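Read-outs: derived from the displayed coordinates by stated rules, not from any lab. The structure presented is a predicted model; accordingly, all values stated were derived computationally and were not measured. So basically every Cβ, Gly included, is an ideal-geometry build from the backbone, and we count neighbours across all protein chains shown.
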Amino acid sequence: MSTDPMPVPGQRTVLVTGAATGIGLAVARRFAAEGDRLVLNYYKDNGELDAVAAGHPGGEAAVLQVEADVSDPHACEELVRRAEAAYGRVDVLVTSAGIATWGPTAEFPWEDYERLMAVNLRGTYACVRAVLPGMTRRRAGRIITISSEVALVGMAEATAYAATKGAVIAMTKSLAREMAPLGVLVNSVAPGPTMTPLFEQSPESQDPAVQAAVPVGRFGRPAEIAGAVSMLAGPDGSFFVGQVVSPNGGAAI
């Protein structure tokens, strides 16, 4: 008999930040296909989430779209408040919202550094903190942070970005130790080079040598990353605590 208190796929409420594009959008589509109620956060409306809602097997009533800048802790609290008002609870949080800026470290603008830290690190922390009261009260929940394999292996001219993602991994591990006894399982997915709009802006995406250096010989697809997130959020993720799952094609071994 299972002792996992988590609702099964199709009966969960899943909150995804940064859901309008890239990995976040792929995650939203994956959970929509599984029939879960969705709370989809976006920073700029691009119409993609309307399509997710229109195609949801539960209808548009099963998808709540919320505009919010996750770098604002009060906006994160309001995001969770609206999710709980609509569906009663948040069972799964996926912190996909993130930005990336590259450049030589000695010349990197301080305003870019501050924005990276605000969105990637503070935004993740604020959203996590906002869902914890409900999850710990029910003694059930899954939190999946989105980090990066860059935090594991480094990347030239991506020092600030790597710092934010490395901090997310450290946060995930510490939070996992704190929350597991309370029934909340916390893990991170650290994607390798994946063909998202964000990655396509990087110098690496245009360099054939970078792709050739990935052992599988190609960059990842957002749906492949969403599969790892789905596993950690579902019954097969019930023994994962504080782990960094890195679908990366062998870019980091």
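Comparing VAL119, VAL94, VAL153 in a Gaussian network model of the chain where C-alpha atoms under 10 Å apart are linked, the largest mean-square fluctuation is found at VAL153. Taking amide H as placed 1.01 Å from N in the peptide plane, ALA190 has its amide H under 5 Å from the amide H of SER147, VAL245, SER246, each at least 5 places away in sequence or on another chain.
Report relative contact order for region 37-140 in percent, whole number only (criteria: Cα-Cα under 8 Å, sequence separation at least 6). That works out to 29 percent.
For region 218-253, the set of chymotrypsin sites (Phe, Trp or Tyr not before Pro) satisfying both a DSSP loop assignment and a count of at most 14 other C-beta atoms within 10 Å is given as PHE239. Across region 150-162, coupling constants 3J(HN,Hα) worked out from phi with the 6.51/-1.76/1.60 Karplus curve, θ = phi - 60°, read 4, 5, 8, 10, x, 7, 4, 6, 10, 4, 5, 4, 4 Hz, and Gly and Pro carry x. Across THR164, THR13, THR101, mean-square fluctuation computed from a Gaussian network of the chain (C-alpha pairs under 10 Å connected) peaks at THR101. Build a GNM of the chain with springs between Cα atoms under 10 Å apart, and of THR196, THR105, THR95 the one that fluctuates most is THR105.
The distance separating the Cα centre of region 1-72 from that of region 94-148 comes to 18 Å. Compared with the dominant Cα axis of the chain, that is its longest principal axis, helix 222-233 is turned about 40°. Entry note, the chain: relative contact order of 20 percent, from Cα contacts under 8 Å with a spacing of 6+ residues. Here the Karplus curve 6.51 cos²θ - 1.76 cosθ + 1.60, taken at θ = phi - 60°, turns the phi angles of region 47-62 into couplings of x, 5, 6, 4, 5, 4, 5, 5, x, 5, x, x, x, 5, 5, 8 Hz, with x standing for Gly and Pro.
Each residue of region 133-142 is assigned a 3J(HN,Hα), and the resulting list reads x, x, 5, 5, 5, 8, 6, 7, x, 10 Hz, derived from the Karplus form 6.51 cos²θ - 1.76 cosθ + 1.60 (θ = phi - 60°), x at Gly and Pro.
If one takes the longest principal axis of the Cα atoms in the chain, at what angle in degrees, from 0 to 90 and to the nearest 10, does the Cα axis of helix 73-87 lie? Helix 73-87 sits at roughly 40 degrees to that axis. Give, as a single signed number, the net charge of other residues whose beta carbon lies under 13 Å from the beta carbon of VAL52, with Lys and Arg counted +1 and Asp and Glu -1. Around VAL52, the charge tally is -3.
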